[in-house]
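Worksheet: one structure, shown below.
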Amino acid sequence: MRQPLLADRGFYLGPLFRRAADRHGAVFVTLDRPLDVAPALGTDLSYTVLAEVVEELSGRLWEAGVRPSEQVVVHKADNVDIMLLTCAVSRIGAVPVLLSPALAPEVAGQLLGRLRQPWLITDAATLDGLKDIALAGLVRRTLSVDDAPRAEPLAKYTGAEPPPPVRLHPREPALITHSSGTTGVPKLAVHCARTMWNRLVPQQAMGLPTRGETAALHMSFVHSRFYHLLGVLLHFGSPLVLITDPDPASVGPLLVRHRPGIVETHPNTFVLWEELAGAPGAPLSRVRSYGSTFDAIHPRTVRRLLDASRRRTPWLVQLYGQSETGPVAFQVVTRRSAARADGRRVGFGIPGFTRVRVTDAEGRRVAPGTPGRIEARTRGRILTYLGMPDRYDRQLTDGWWEMGDLGYRDRLGALYLIDREIDRIDAVHSNLEIEDTLMSRLEELREVVIVPGADREPVPVVCVRGERPLDPERWRRATADLPAMAEPRQWRFEELPMTATWKVKRVEIARILTEGAPV
């Protein structure tokens, strides 16, 4: 039978919930806070209800004047309705442009300037943050999900008849997201339905063993990975628990109530959720599969998560990639393999969809075990960087994409990640490896990041759980056999500059330390 989700070899966001509702019925979807666009619906919803919300929102947008191929920026407070607005924009053939609510106003203004007079969907608080940005010269019209001044309320068009769905050509721009911005102003990544399909298919195959299991997700709603995972889960009819607040105190009872078999979030959130391993009610006891996306995850965290499950054979799927490529390598970690796992190993290319290689500075493949630059060849690569085609082209060599990471492959072809090129410190073989070691030796650590100091010396920035200071003696014992480093700088975790997906901005931390700027 033909799979409607994969029709025409394109992945389209607009019909996701309607097709899921038609196929599976009123499967439950639980939120941890009401929708900003429909607060009266509460937090216990379903595929059917969300399909109706998407269609109703698409009717409002059409009535307001949004038309196919126009760019529509969604930039508002973090909530599940970012996802619903994205699907509604896509349903009428317009192009959703997703800007993280964590972006500084001046950065959001720069990204708006790269677009061609887009529509803007926002809210009062976000719009107030943009008060110093001359929006009149950047956007076509501003719509608000609440009663924001200087904006037209989206509710004005409530009751408008939804138009028939519009489907763009599979190679036309269909979604625009932005890179993490860990090294500067983010780049706008242009996706199309065809490349999104090429990312979806292998992830759908990975989801077969857990089809239909309840899935709890705390992920950035402006990240492309969220929509691919959503496509997989809706295709298989999984009940959903969608989380915006990662605080273990609120997440724990929610997971106890629903006993998810699938849990996915960002690696740094998983570190926070280590607390759930021993929480009342055993909230992680029914988890069969954890998902960790695109960033390194500490081995200590993996072991604690797997040990918290009472399923016979739980596993963690780790995907290595970036916004521009989607996942290019993967591995599955079990309890047995976690006990001896190398945190730098990120697995193998995805058969039929991705290949990875390691090269020297001249672009020549290096021998197994030799460090070099990681490059990937993938059918899921974005079309371009919007407004920066030259920057995009510089990262391509005969179809191979420079990942910006250093690593090596072993004799079996498994890929190992050393560091980001920009984070490299000559005195240290791998910052990430030392960080993994310290996290395993010092259970009180919430995070540790090694960055270059003023003289390029390695400087550890540490965050300890709670308010207690770092124990100097325990630190000395833990680092006795490691490369020489400067004295640790203790920060609160909340003080670390981070992206929307909780990636630590190492370059920014190094700048703060070097310039002596206040934390």
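The values are calculated or read from the model by the stated rules, or taken from the named source; none is laboratory data. Remember, it's a predicted structure, so these values are computed and weren't measured experimentally. Glycine gets a Cβ as well: all are built from the backbone with ideal geometry, and neighbour counts include every protein chain shown. Ligands, DNA and RNA are stripped out before the accessible areas are found, and what is left, the full protein with its side chains, is counted by its heavy atoms. Shrake-Rupley method; radii C 1.70, N 1.55, O 1.52, S 1.80 Å.
Scanning segment 152-184 for residues that are among the small types (Gly, Ala, Ser) and either surrounded by fewer than 22 Cβ atoms within 10 Å (Cβ to Cβ) or assigned to a loop (DSSP other than H, G, I, E, B) (or both) turns up Ala155, Gly159, Ala160, Ser179, Ser180, Gly181, Gly184.
Residues in segment 195-242 that are of a type in the set (Gly, Ala, Ser), surrounded by fewer than 22 Cβ atoms within 10 Å (Cβ to Cβ) and not in a helix (DSSP H, G or I): Gly212, Gly237.
Ala125 passes every criterion in (1) of a type in the set (A, V, I, L, M); (2) within 28 Å of the chain's Cα centre (by Cα); (3) under 19 Å from Asp81 (Cα atoms); (4) surrounded by 15 or more Cβ atoms within 10 Å (Cβ to Cβ) apart from (4).
Look at segment 413-441: where a residue is more than 17 Å from Lys503 (Cα to Cα) and a partner is surrounded by 21 or more Cβ atoms within 10 Å (Cβ to Cβ) and of a type in the set (Lys, Arg), sitting 6+ places away or on another chain with Cβ atoms under 6 Å, you get Leu415/Arg409; Ser440/Arg300. Residues in segment 465-519 that are among the hydrophobic types (A, V, I, L, M, F, W, C) and exposed (fewer than 12 other Cβ atoms within 10 Å of the Cβ): 3 in all. Evaluated against (1) under 24 Å from Ser69 (Cα atoms); (2) open to solvent by less than 10 Å² (accessible area, probe 1.4 Å); (3) not hydroxyl-bearing (Ser, Thr, Tyr), Lys187 falls short on exactly one condition, (2).
Every condition in (1) of a type in the set (A, V, I, L, M); (2) farther than 26 Å from Gly321 by Cα; (3) open to solvent by 10 Å² or more (accessible area, probe 1.4 Å) is met by Leu442 except one, and the failing one is (3). For segment 314-347, residues that are in contact with a Phe, Trp or Tyr (Cβ under 9 Å, 6 or more places away or on another chain), in a loop (DSSP other than H, G, I, E, B) and open to solvent by 30 Å² or more (accessible area, probe 1.4 Å) total 1.
Restricting segment 38-69 to residues that are assigned to a loop (DSSP other than H, G, I, E, B) and more than 18 Å from Ile243 (Cβ to Cβ), the residue that is most open to solvent (accessible area, probe 1.4 Å) is Arg67. If only residues of segment 368-391 that are in contact with a strand residue (DSSP E or B) (Cβ under 9 Å, 6 or more places away or on another chain) and either basic (Lys, Arg) or without any contact (Cβ under 8 Å) to a residue 24 or more places away in the chain (or both) are counted, the one that is surrounded by the most Cβ atoms within 10 Å (Cβ to Cβ) is Arg381. When the criteria are applied in full, Asp245 fails the requirement of being open to solvent by 10 Å² or more (accessible area, probe 1.4 Å), under 28 Å from Asn431 (Cα atoms), part of a loop (DSSP other than H, G, I, E, B) and out of contact with any Leu (no Cβ under 6 Å at 6 or more places or on another chain). The residues of segment 258-313 that are of a type in the set (Ser, Thr, Tyr), out of contact with any Lys or Arg (no Cβ under 8 Å at 6 or more places or on another chain) and farther than 15 Å from Val333 by Cα, listed by number, are Thr265, Thr269.
Of the residues Leu415, Leu432, the single one that is open to solvent by 20 Å² or more (accessible area, probe 1.4 Å) and among the hydrophobic types (A, V, I, L, M, F, W, C) is Leu432.
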